[in-house]
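Heads up: the structure comes next, in structure tokens.
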Amino acid sequence: MSSHPSTTEEIKTVGDLPVEKIDKTDYRIYAAISYFVILIVIGLPLWWKTTEVYRVPLPYTRIAALNESDFVLVTNVTIASLDIDRGKQLASDLDNFFKTSKLFKVHFVVTQVQKQILASAQSIQALELSSVSRRQAGDILLLEVPGLPRFTPSQVLVGRRRIVYFATDTSSVKLTEVLQQWLFQEETLQRMISSMVSPTKSELDLAGRRRMPTASAYDVMVTIVNPDPEKVQLNWDLQEAIENFLSPFLRNLAPLADYNVKSQWLYFVPLQVQPKLVPEQPGIRKHFALSEELLPHIITPLEKKLASHVSQNPCLNFVVYVPPCSESPLYIYRQEGVILRGGVNAFLSPRWGGIIIHNPPQDICDNTTVVEPKPVEADWSKIMGTFLAQLRLLVGVPELDDIPRVSMLPLAASGMRQWELDSLYRVRIMEQLTSAMLTLQSLSQLLGEISNIVIDDEVGDSIQEAVSAVERGIELLHQGNLLAAFEASKQAFLSAEAAFTDPSLLALLYFPDDQKYAVYIPLFLPVMIPVLMSLKNIYLWAASKVRHKGKEKVD
Amino acid sequence: MVYSKNDWNKLLKMVCFILVPFWILNVGQCLVQKDRFDEELLLKPLPSGHVYAYFQFTTVWDAPSGPQMFQHCHLFPRALGEVAGRHNVQELHVTLTEGLWRYEYWGFPVSDAAPGAELWTWFRNDTKDVDNIWKKLTGALSGLLCASLNFIGTPNSLSPEYSFRPTGVVKNSNLNSSFVRYATLPREIVCTENLTPWKKLLPCDSKKGFASLLNAGHIHNTNYHSLGLHIRPVCKDAKCTEVSIELRQTVSLVYDMMILGFQNQDWSLRKLFGLGLSGPCPLATSSFIYVDVTSNETGTPYQLQPEPTEVITSIRGGYESKFKVYNIQKMSFTHMLNIVATYSTPKVYAVNVPPVLYASRYIVGYGQERGGIVTKIHNNHWKHLDIIYLENIPWFLPIYLHTLRVVAGGKEITPILKKYVPGKERSRPYSLEVLLRIPARSVTEIYIEFDYVFLKWQEYPPDANHGFYIGSAIISAYLPVGKNYMGLPQAGPTIYSSFNASREGFLLQLRTESLIITLPTPDFSMPYNVICLACTVVALAFGPLHNITTKRLCMKDGNSCNGLLIRLKSMLFKGRKPQAQAH
């Protein structure tokens, strides 16, 4: 090894053995180095690589950036007025009001309308049907109707489509109020978003608490409960009633989500609560009272027979309960001594559905010539009317607060106004985008915290898809394209949920670390300690080499 | 006699049938609801001294065809309808059974069931990806009935060619057995948690009618109990242009009065079910209790209290039986109805006359290498019988077709037809169907050999030393005589329709015992032990190897080896200077 003649000589003086010894020391060191290389340099990374949890690279920066991007709903409002200057004045006033809005960015366009068009209209209905009423989803037309007092006592009238009719003397403040509170419902949207982002800090408003959580499809189940078929007979054609009343409404909602309507009959399912008997008094007939705080106890026994073993969709339940004559009439009491308002004997359970109590008519109950089981006819318009009103709330159409001197046209047979549908779109878009964004963020946070989560190609793809759909949705909102934005948000929501709930994420989650070490330590500890210890020898040897070379140079 | 295939087809493919008109006019039924519900209970003292109680609840529904088929339910249970509708089910048969029906002593039951859970389904002809939908169906049913049916999948399901034909109507007679699936879970334990959801499917629940007699405490102390759920399409009318859905819910119970502690043979509703009957289910079109009193003429007679509303004599396949009928809807209920049977003399046990056909099965062989299954089929008829034998062997018991031997009375007989689907490890069970003609008054032995195999350590169930179950074999036959036969005719859903229902032959399916087998079971801590041992050996080998190659033993006085011991010494004796080192 050492080629320098003088060194060799020096050693040679000691004897033959040292030459051999030096060579052998080198060999031993080479052996130690090769152990080190094979075990630590090659082995360790190989082991690391082969036991690594499989993870597709994910767009973490894009997911984090979603938080910064603001959801802005761009809306076009056309102000059609007879006097273009007045229109411009209104537009600038309204613009000032909406500048402070965080969610809405409203573009006002002013046009002039011909007086003849308005004058020729015989009624508001005629205007509703005319060509001016056709607007793109999300857009709104504020139409000045000079003779509005001819049709209505109100100053502002909101139509069934996307038109707001206002009288000439309407102030911009009033119009702002109508737009804010009824058409845009910005506060509801804001509360929904903030309650999703920080659920501990803010609460949903009433409308938000009632609204069903977002899903791609819902089941609607109508159940008729006859607790005593020996006493009451119901020959009702439920299927036809559903077809007549509920289906047209649900067809309107088809673009938002799928609704599957089911129905069933239940017998011998009693109320689990005992209604209180109110004896006959002057002016009050004998009846049974069911106080409002007992109502949740009615739902629990029903639940057993309402579940589905196949469907994974959230279910809206509507229950008709027909008490037997011996327990009727049965009324729901709001509080001590006050019968539920409006004479509607029904109640709504938020995010669950509604129950209506359908009392058999008194004359049939009192008539002793009618033998039991007594036939009871269905008052479908009342039952289904109540269900429709409840369904509107559950679907997410809120009850609006009254604004003085502002009214709206009554509902058509379809049960939905177009602008209500638009605001439903906005709610769902915001809900789905926020939910997708939060899901993605919590997923990326989880991935950072728990190293055992597997992300396979399929999940990776759906995460990618969700991220780009959120971005696309935000972009489409900026363009004011409500329908396309809804599609994007739905896609984002579904992909994000699919990725988050994919069972493959958990494949290795329950493989605990201590088991890993229990297997590795018997092998690694005895093998690694001598290898690591030999590092010192290698170091000493290398240091002596360097010193040696230095010496050589000095020489 | 030459066997012709057409003959077999005629015998086995009883596909479209002549529908007898319903025996009760639908007087009280309303027009809007297109369904009817019947409840029946058959009580029969068996020759062995047991009492057989068979409940049957039948719902027939003129369901609208199409995708919305099961969307709007009235008497038909919605939960079950949704499961059937979603999974494209044409026919569905589930039974959950505890105990073994002893054909030799008890005769034939109204509806057969294998021990444990048994499920067979015909899917509609337009079903795509049957295996996948079958898996989903078993999952949904498992949730519905609280049974472990979710363990049924392709690896333990068969598609028998001959043994399971549709029992209801089919659109065309070209049947493709790729749409049928059959599976059993012989290890399934049936208990209250299955009975409760099963009762929930009844329109009256267990509040009224015969279902109120089904109390868990008095059902699970029986020798045999079996819950059944059968959906099939039936003809709506005699022309059979439209199809109705029929759901038959059955409970079979066999009580041993002696071990129940009553000291005598007398039985009554209260003794059997713990309480009397409070009335019919008001939703039922008919409610009948039948008591089989045929044995009064041959065996020990008994008297019934109260008197029945009617007595029916049924002649079926040449054999006469007598039933006392209680029409529950016509009876007035001032107090609970309790039907009491009292024997005037103590019961005399006569020599058992076994039924025409029965079977038994056992395992032969010793050690843990090779084994065999023997099935003995007894034919007591004076003529030969044609049978189909279906063997359902799990994939971990590879059977060898060449070892199949059929011996009757010392003479080997050749099967008419063999259909063998070899199993595949972890993906398909072994399925063997043998069509046989068994000689008159003989015992036929079917013998086949199998191997024991090792499983992967994760495939062993908890308590692996308990053993592995092999499901029952099924013997299907077309009996020419109606002796002991209680099955329902194909067209009629009710027990009533089986009275005087003489046919050319009677379709019988027997289930044999399920078997239990001990596979070689490893010590389950072995993998970890092996890892530890192997690691220790490697570490032990590595240490010296590393030392030899990287270190050198050297003399103590050598200065090149400044060992740990020396350094310790030098530290201990710091005062002393290390010796001068020779260089």
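Where a number appears in this text, it was derived from the coordinates with a stated rule and is not lab data. Since the model is a prediction, treat every value here as computed from it, not as a measurement. Backbone-built Cβ (ideal geometry, glycine too); neighbour counts: all protein chains shown.
Here the protein assembly as shown carries DSSP beta bridges of which approximately 70% are antiparallel, counting only pairs with both residues inside. Here the simple spin-label model places points 7 Å from the Cα toward Cβ, and for A:Glu203 and A:Asp457 these points are separated by 5.0 nm. Taking 4.7 Å between C-beta atoms as the pairing limit, chain A has these partnerless cysteines: A:Cys315. Subtracting the Cα-Cα distance of A:Ile38 and A:Glu243 from their residue separation scaled by 0.36 nm leaves 66.2 nm.
Summing Cβ point charges (Lys, Arg +1; Asp, Glu -1) relative to the Cα centre of chain B gives a dipole of roughly 2120 debye.
Based on the Cβ-Cβ distance of B:Phe454 and A:Phe97, what FRET efficiency does E = 1/(1 + (r/R0)^6) give at R0 = 60 Å, to the nearest 0.05? For B:Phe454 and A:Phe97, the calculated efficiency is 0.15.
Between the listed residues A:Gly385, A:Leu250, A:Leu523, the Cα displaced farthest toward the positive end of the dipole of the protein assembly as shown, a dipole computed from Cβ unit charges relative to the Cα centre, is found at A:Leu523. The relative contact order of chain A comes to 18 percent, based on Cα pairs under 8 Å that sit 6 or more residues apart.
Shape class for the protein assembly as shown: oblate, because the ratio a/c of the largest to smallest gyration tensor axis (alpha-carbon atoms, square roots of eigenvalues) is 1.5 or more and b/c is at least a/b. The H on the amide N of B:Leu417, modeled in the peptide plane, is under 5 Å from the matching H of B:Leu435, each at least 5 residues off or on a different chain.
Pairs from the list A:Lys286/B:Lys207; B:Lys207/B:Lys322; B:Lys34/B:Lys199; B:Lys208/B:Lys324; B:Lys44/B:Lys330 with a Cα-Cα gap above 27 Å: A:Lys286/B:Lys207; B:Lys207/B:Lys322.
Counted by neighbouring Cβ atoms within 10 Å, the residues A:Ile453, B:Ile438 run from fewest to most as A:Ile453, B:Ile438.
Relative contact order of chain B, taken over Cα pairs closer than 8 Å and 6 or more residues apart, is 16 percent.
Each listed q (0.06, 0.08 Å⁻¹) maps to a log10 I(q)/I(0) for segment B:5-343, found by the Debye formula over equal Cα scatterers with no solvent: -0.22, -0.40. Can you tell me, using C-alpha contacts under 8 Å and at least 6 residues apart, the relative contact order of segment B:37-179 as a whole percent? Computed value for segment B:37-179: 17 percent relative contact order.
Sticking with the crude label model, points 7 Å out along Cα→Cβ, report the distance from A:Ser407 to B:Met336 in nm, one decimal please. That separation, rounded to one decimal, is 6.6 nm.
Using 1/(1 + (r/R0)^6) with R0 = 51 angstrom and r between the beta carbons of B:Leu572 and A:Asp513, what's the FRET efficiency to the nearest 0.05? With R0 = 51 Å, the Cβ-Cβ based efficiency is 0.75.
Within chain A, the selection of entire DSSP H helices by a Cα span of 20 Å or greater along the long axis and an average Kyte-Doolittle value of at least -1.0 returns A:17-36, A:84-98, A:380-395, A:418-449, A:457-479, A:482-500, A:513-554. For A:Cys315, the residues 5 or more places off, or on other chains, whose built amide H falls under 5 Å of its own are A:Asp219.
Under the shape rule built on the C-alpha gyration tensor, where the axes satisfy a ≥ b ≥ c, chain A is oblate, since a/c reaches at least 1.5 while a/b does not exceed b/c. All other residues whose Cβ lies under 13 angstrom from that of A:Met221 are scored, Lys and Arg at +1 and Asp and Glu at -1, for a net of 0. Sequentially through segment B:74-79, phi angles give Karplus couplings (6.51, -1.76, 1.60; θ = phi - 60°) of 10, 8, 5, x, 5, 4 Hz, Gly and Pro residues having no value and appearing as x.
Sequence-ordered 3J(HN,Hα) estimates for segment B:116-132 from the Karplus curve with 6.51, -1.76 and 1.60 and θ = phi - 60° stand at x, 9, 9, 9, 9, 9, 9, 8, 5, 4, 8, 6, 9, 6, 4, 4, 5 Hz, glycine and proline given as x.
The residue list A:Gly354, A:Pro146, A:Leu494 was ranked by how far each Cα lies along the charge dipole of chain A toward its positive end, using unit charges on Cβ atoms, and A:Pro146 comes out on top.
Annotation note: trypsin sites (Lys or Arg not before Pro) in segment A:75-175 located in DSSP loop regions with a Cβ neighbour count of at most 15 within 10 Å are A:Lys99, A:Lys102, A:Arg134. With R₀ set to 60 Å, the beta-carbon distance separating B:Cys240 from A:Gln122 gives a calculated FRET efficiency near 0.50.
Other residues whose C-beta falls under 14 angstrom from the C-beta of B:Gly153 contribute a net charge of +3, scoring Lys and Arg +1 and Asp and Glu -1.
Relative to the globular-protein estimate of 2.2 N^0.38 Å, the Cα radius of gyration of chain B stands at 1.31. With a ≥ b ≥ c taken as the square roots of the eigenvalues of the C-alpha gyration tensor of segment B:292-340, please select rounded if a/c is under 1.5 and otherwise prolate if a/b is larger than b/c or oblate if it is not? Verdict is oblate for segment B:292-340.
Here the alpha carbons of segment B:200-351 define both size measures, Rg and Dmax, at 17.6, 56 Å. Extension gain for B:Asp463-B:Leu553 works out to 26.9 nm (0.36 nm per residue, less the C-alpha to C-alpha distance).
Placing +1 on the Cβ of every Lys and Arg and -1 on the Cβ of every Asp and Glu, with no other charges, gives the protein assembly as shown a dipole of roughly 2300 debye about its Cα centre. Scanning residues 5 or more positions from B:Tyr224 or on other chains, those with amide H under 5 Å from its amide H are B:Val254, with H placed 1.01 Å from N in the peptide plane.
With 0.36 nm allotted per residue and the present C-alpha distance subtracted, the A:Leu400-A:Arg150 stretch has 87.5 nm of extension available.
When only the Cβ of Lys, Arg, Asp and Glu is charged (+1, +1, -1, -1), the dipole of segment A:288-383 relative to its Cα centre reaches about 400 debye. Straight-line reach from B:Lys424: taking Cα to Cα under 19 Å and skipping same-chain neighbours fewer than 8 places apart, the lysines in range are B:Lys135, B:Lys456.
Projecting the Cα atoms of B:Thr536, B:Pro493, A:Val113 onto the dipole axis of the protein assembly as shown, where Lys and Arg carry +1 and Asp and Glu carry -1 at the beta carbon, places B:Thr536 farthest toward the positive end. Determine the sum of side-chain charges near B:Val356: Lys and Arg each +1, Asp and Glu each -1, restricted to other residues whose C-beta is under 11 angstrom from that of B:Val356. Net charge in that neighbourhood comes out at +3.
In this simple spin-label model, placing a label point 7 Å from the Cα along the Cα-to-Cβ direction at both A:Tyr60 and A:Asn367 gives a separation of 7.7 nm.
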